[in-house]
Amino acid sequence: MNLRQLPNLITLSRLFLTVPIVWFLYRGDYWSALLLLAVAGLTDALDGYLVRRYGWATRLGAWLDPAADKILVLGIYLSVTLSGLLPIWLLVLVVGRDVWLSLGSLAYRHWVGPLQIEPLLISKINTFFQILLVLGAIFKVGILNLDPVWVQLLIVIVTFTTVTSGVAYTVVWGRRAWRHFHAPVDSRISPSA
């Protein structure tokens, strides 16, 4: 095995952890779910460290890492919502944002060209609060008797960051598309064409 692929294998392990995490959450086995979530978090940190430290970035990894994160987060939200810990409208909002951005990226690729996806700061903040909310919901019912006001506050924050990050990506990609279509024709043709 080529060591360059090691971060991708670690990312795949996080992807495979999604199924048992979702199952444990749905069954109410919160300690097991939290243990596997901690392992998933470590794999995320480790694959990122290896890519930065040794320069083992690959095209597959650039696609696989955010996909694994997104599948894990969506799986967790689905199971926690089905367990009654979070409102269904929040799941619809979180999934809707991702569907909107996926459709937008497909449209951009089709009509404009390759899309360089750079995570925006608001998106990283959104992911952080989404994970914090799920942990808060789990702790509230399964582990600590956490005051519900904290979970309600996190729901408000996640709602705000989810909408804001969706709008931010739409604006950024929309501006790029606007510049592409309004640039002089000569600048849109690549030298190799």
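Summary table
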{"read-out": "Residue check for L85: free of Cβ contacts under 8 Å to residues at least 60 places away in the same chain, hydrophobic (A, V, I, L, M, F, W, C) and not in a helix (DSSP H, G or I)", "value": "yes"}
{"read-out": "Which listed residue, of F129, F139, is over 15 Å from the mean Cα position of the chain (by Cα) and surrounded by 15 or more Cβ atoms within 10 Å (Cβ to Cβ)", "value": "F139"}
{"read-out": "Single residue of A45, A57, A38 found to be in a helix (DSSP H, G or I) and farther than 23 Å from I122 by Cα", "value": "A38"}
{"read-out": "Single residue of W150, W173, W100, W178 found to be hydrophobic (A, V, I, L, M, F, W, C), outside the structural domain of L72 (by TED's automatic domain parsing) and loosely packed, with under 12 Cβ neighbours inside 10 Å", "value": "W178"}
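The values are calculated or read from the model by the stated rules, or taken from the named source; none is laboratory data. All values reported here derive from a predicted model rather than from experimental measurement. Don't worry about glycine lacking a Cβ; one is built from the backbone with ideal geometry, like all the others, and counts go over all protein chains shown.
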